[in-house]
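Worksheet: one structure, shown below.
The values are calculated or read from the model by the stated rules, or taken from the named source; none is laboratory data. This is a predicted model, so every value here is computed, not measured. Cβ sites come from the backbone with ideal geometry, for glycine too, and all protein chains shown count toward neighbours.
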Amino acid sequence: MVVAQGLDDIVSLDPAEANELSSIQTVPSLYQRVVQPDRNDPTKITPILAESWQADPAAKTLTIKLKSDAKFASGNPVRPEDVIYSYVRAVTLNKSGAFILNVLGWQPENIASQLKKIDDHTVQVQWSADVSPALALNILSTPIASIVDEKLVAPNAKNNDFG
């Protein structure tokens, strides 16, 4: 099968910046997220980098256990630090797609305090907005919530652009 598509609307394939039709259709093929909508039933969320998660609606948290064998294309393991870096990066850069993460109450000034490494395979995600864990998971399934390899991206940072 051959698929043709115009790509003239792509500004960037960086998940923190991609927000045009072609880029948000392409980014999920280039980067993984902790979860994604189920292909057969988009009303359900399926794990990708996550092995499991626990929701605490009262505390507005998701505790996400990452798959121990999850790796980036580079071969580097996916770490809680990568999840934290990716979310902080997307919110702090505040490009056009950041509004999706802002629904959680995440802003450049509070995002770092909303994310916590629990252990080598677990990250806790907290939000301040009055949204359910189900909505939070759906937000984390969007292309802007894609996880980047901090070990490869961070060394390219210039002028606080996060690489």
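Is at least one residue of the stretch 35-48 among the β-branched types (Val, Ile, Thr), over 15 Å from the mean Cα position of the chain (by Cα), modelled with pLDDT under 95 and surrounded by fewer than 19 Cβ atoms within 10 Å (Cβ to Cβ)? Looking through the stretch 35-48, at least one residue is among the β-branched types (Val, Ile, Thr), over 15 Å from the mean Cα position of the chain (by Cα), modelled with pLDDT under 95 and surrounded by fewer than 19 Cβ atoms within 10 Å (Cβ to Cβ). For the structure I just gave you, tell me whether THR122 is within 13 Å of ARG79 (Cβ to Cβ) and in contact with a Leu (Cβ under 9 Å, 6 or more places away or on another chain). Here the answer is yes, as THR122 does meet what is asked. Cβ-Cβ contacts under 7 Å between residues 6 or more apart (or on different chains), taken from a first residue in the stretch 41-68 that is free of Cβ contacts under 8 Å to residues at least 60 places away in the same chain to a second residue that is part of a loop (DSSP other than H, G, I, E, B) and aliphatic (A, V, I, L, M), are listed as ILE48/VAL34; ALA50/VAL34; LEU66/LEU49; LEU66/VAL78; LYS67/LEU49. Against the test of being closer than 23 Å to PRO42 by Cβ, surrounded by 14 or more Cβ atoms within 10 Å (Cβ to Cβ), under 14 Å from the mean Cα position of the chain (by Cα) and not charged (D, E, K, R), the options LEU62, LEU93 yield a single qualifying residue, LEU62.
Is it the case, given these coordinates, that ASP38 is under 17 Å from ILE139 (Cα atoms) and of a type in the set (Asp, Glu)? Yes; evaluated as a whole, the condition is true for this residue.
Scanning the stretch 1-31 for residues that are among the small types (Gly, Ala, Ser), surrounded by fewer than 16 Cβ atoms within 10 Å (Cβ to Cβ) and within 17 Å of ILE100 (Cβ to Cβ) returns a single hit, SER12.
Kindly indicate whether any position in the stretch 76-98 is touching a Gly at 6+ places or on another chain (Cβ under 6 Å) and of a type outside the set (A, V, I, L, M, F, W, C). Among the residues of the stretch 76-98, not one is touching a Gly at 6+ places or on another chain (Cβ under 6 Å) and of a type outside the set (A, V, I, L, M, F, W, C), which makes the answer no. Considering every residue within the stretch 125-133, establish whether at least one is outside any helix (DSSP H, G or I) and in contact with a strand residue (DSSP E or B) (Cβ under 7 Å, 6 or more places away or on another chain). Among the residues of the stretch 125-133, at least one is outside any helix (DSSP H, G or I) and in contact with a strand residue (DSSP E or B) (Cβ under 7 Å, 6 or more places away or on another chain), which makes the answer yes. Scanning the stretch 144-163 for residues that are without any contact (Cβ under 8 Å) to a residue 60 or more places away in the chain and aliphatic (A, V, I, L, M) returns a single hit, ALA157.
The single condition from (1) assigned to a helix (DSSP H, G or I); (2) within 22 Å of GLN36 (Cβ to Cβ); (3) in contact (Cβ under 8 Å) with a residue 40 or more places away in the chain that SER141 fails is (1).
The set of residues in the stretch 144-163 that are more than 13 Å from ASP82 (Cβ to Cβ), of a type in the set (A, V, I, L, M) and assigned to a helix (DSSP H, G or I) contains only ILE144. Do we have PRO80 as within 24 Å of GLU17 (Cβ to Cβ) and either surrounded by 15 or more Cβ atoms within 10 Å (Cβ to Cβ) or among the basic types (Lys, Arg) (or both) here? Yes; evaluated as a whole, the condition is true for this residue.
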